[in-house]
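What follows is one structure encoded as structure tokens, with my remarks underneath.
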Amino acid sequence: MSKLKFAILGCGRISYKHIEALLNNDQDATLVAVCDIVESKAIERKEQYQKGLENSNVKVYTDYIEMLKNEDIDVVTIATESGYHAKHAIDCINAGTHVLIEKPMALSVEDADRIIAVAKEKDKKVCISHQNRFNPPIQKLRKAIEEGRFGRIMNGTARILWTRDNNYYKQAPWRGTKELDGGTLMNQCIHNIDLLQWMMGSEVERVHAERSTFLRDIEMEDFGAILIRFKNGSIGIVEGSACVYPKNLEETLSIFGETGTVVIGGLAVNDIKTWDFADKKDYDSEDDSTEIDNVYGSGHTPLYKDFIDAIHTNSEPLINGEEGKKAMEIILMAYESSEKW
């Protein structure tokens, strides 16, 4: 199988993790172009990649339409402002590429559905970057759920207790806006909300939410709380903050069942805190906790591997458009709920 040719559209804060993932998958993928309206950012990503692969030849663009016309590209990674994800994804799909989209895949259900529909029409694949699904402790938890070890699951809790000061928002004026970003629920909390709904294994019946802007000078919320009732009867609780003093405290996922309790915490749900089941399995004693030094974790590399394999085998990636849409929908329901009160 030939290497897939990737391009990166949007070279801001998260883009270095996508470069790392491509370097770690260099047997199966190669970066051919980077694009950002701020040329210096694109050049920085090019240099990061070429430092890892000295003989590479990466082109720099400030106009993604020009990039799509000039380059032979298989996959475009879209890491632009969230409010532009739908337009950029659809333009890339129509140009003949698969797309890997940073979270959230869009800021409306209608835009998410448009991405899915256009990809189906053009026979292209979509992957959403919820990389924490690939964390070893999360994979271990998912295995336990699929084996039915929890019995009936009563509730799960996602806690995202971080800090993002006003300097963070001033660095990029689109952050915290309704049009291009959303608040802490949509930006910081969506990964853990995705994990929560994935583990609960049911569609959502109803959502109630409260949110407020306590400390940050932004349009949307810097704190939000969500109560989710799933159709299977289980209840999900989300606590998300960008106001924790003085630094990030934790990102924790807890699942409680009649015969099992699991708590996974750490900086990016990477550390098993509690693992307790009525039955015992050989893999229970395996230490799947991982050491990381950033909130993005180490899941981008297996995320890319999964997507590359899906393209080569014409199968669905773990987090396709339909899967990537689920957490976004819960947050949009929370926004609607909190506006009614």
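Here is a yes/no grid of residues against (1) farther than 18 Å from residue 153 by Cα; (2) touching a residue at least 24 places away in the same chain (Cβ under 8 Å); (3) among the β-branched types (Val, Ile, Thr):
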{"position": "258", "(1), (2), (3)": "no, yes, no"}
{"position": "282", "(1), (2), (3)": "yes, no, no"}
{"position": "290", "(1), (2), (3)": "yes, yes, yes"}
{"position": "306", "(1), (2), (3)": "yes, yes, no"}
{"position": "323", "(1), (2), (3)": "yes, yes, no"}
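Read through the list (1) touching a Ser or Thr at 6+ places or on another chain (Cβ under 7 Å); (2) in a strand (DSSP E or B); (3) not small (Gly, Ala, Ser), then give the number of the only condition that residue 128 fails.
Looking at each condition in turn, residue 128 falls short on (1).
Residue-by-condition table, conditions (1) assigned by TED's automatic domain parsing to the domain that holds residue 277; (2) of a type outside the set (D, E, K, R); (3) crowded, with 18+ Cβ neighbours inside 10 Å:
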residue	(1), (2), (3)
137	yes, yes, yes
140	yes, no, yes
146	yes, no, no
165	yes, no, no
183	yes, yes, yes
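May I ask you to list the residues in the stretch 264-288 that are surrounded by fewer than 16 Cβ atoms within 10 Å (Cβ to Cβ) and either polar (S, T, N, Q) or outside any loop (DSSP other than H, G, I, E, B) (or both)? Even if it seems obvious, please write down each step before you answer.
So in the stretch 264-288, the residues surrounded by fewer than 16 Cβ atoms within 10 Å (Cβ to Cβ) come out as 273-274, 276, 278-287.
Hits for the stretch 264-288 are 273, 274, 276, 282, 283, 284, 285.
Taking only pairs six or more apart or across chains, which ones have beta-carbon atoms under 7 Å, a first residue in the stretch 200-224 that is touching a residue at least 60 places away in the same chain (Cβ under 8 Å), and a second residue that is among the aliphatic types (A, V, I, L, M) and surrounded by fewer than 16 Cβ atoms within 10 Å (Cβ to Cβ)?
Partner pairs satisfying both residue conditions: 208/227.
Pick from 8, 43, 73, 65: which is in a helix (DSSP H, G or I) and either buried (at least 19 other Cβ atoms within 10 Å of the Cβ) or in contact with a strand residue (DSSP E or B) (Cβ under 9 Å, 6 or more places away or on another chain) (or both)? Spell out the reasoning first.
Working: 8 fails: in a helix (DSSP H, G or I); 73 fails: in a helix (DSSP H, G or I); 65 fails: either buried (at least 19 other Cβ atoms within 10 Å of the Cβ) or in contact with a strand residue (DSSP E or B) (Cβ under 9 Å, 6 or more places away or on another chain) (or both).
Exactly one residue qualifies, and that residue is 43.
Condition (residue is surrounded by fewer than 17 Cβ atoms within 10 Å (Cβ to Cβ), part of a helix (DSSP H, G or I), assigned by TED's automatic domain parsing to the domain that holds residue 64 and more than 19 Å from the chain's Cα centre (by Cα)) applied to the stretch 88-107: is it met by at least one residue?
Within the stretch 88-107, one or more residues are surrounded by fewer than 17 Cβ atoms within 10 Å (Cβ to Cβ), part of a helix (DSSP H, G or I), assigned by TED's automatic domain parsing to the domain that holds residue 64 and more than 19 Å from the chain's Cα centre (by Cα).
So that you can scan it fast, the table gives a plain yes or no per residue for (1) in a helix (DSSP H, G or I); (2) closer than 19 Å to residue 271 by Cα; (3) not acidic (Asp, Glu):
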residue	(1), (2), (3)
140	yes, yes, yes
150	no, no, yes
155	no, no, yes
158	no, yes, yes
170	yes, no, yes
181	no, no, no
196	yes, yes, yes
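The values are calculated or read from the model by the stated rules, or taken from the named source; none is laboratory data. Just so you know, these numbers come straight off a predicted model, no measurement behind them. Because the Cβ atoms are built from the backbone with ideal geometry, glycine has one as well, and the counts that use them run over all protein chains shown.
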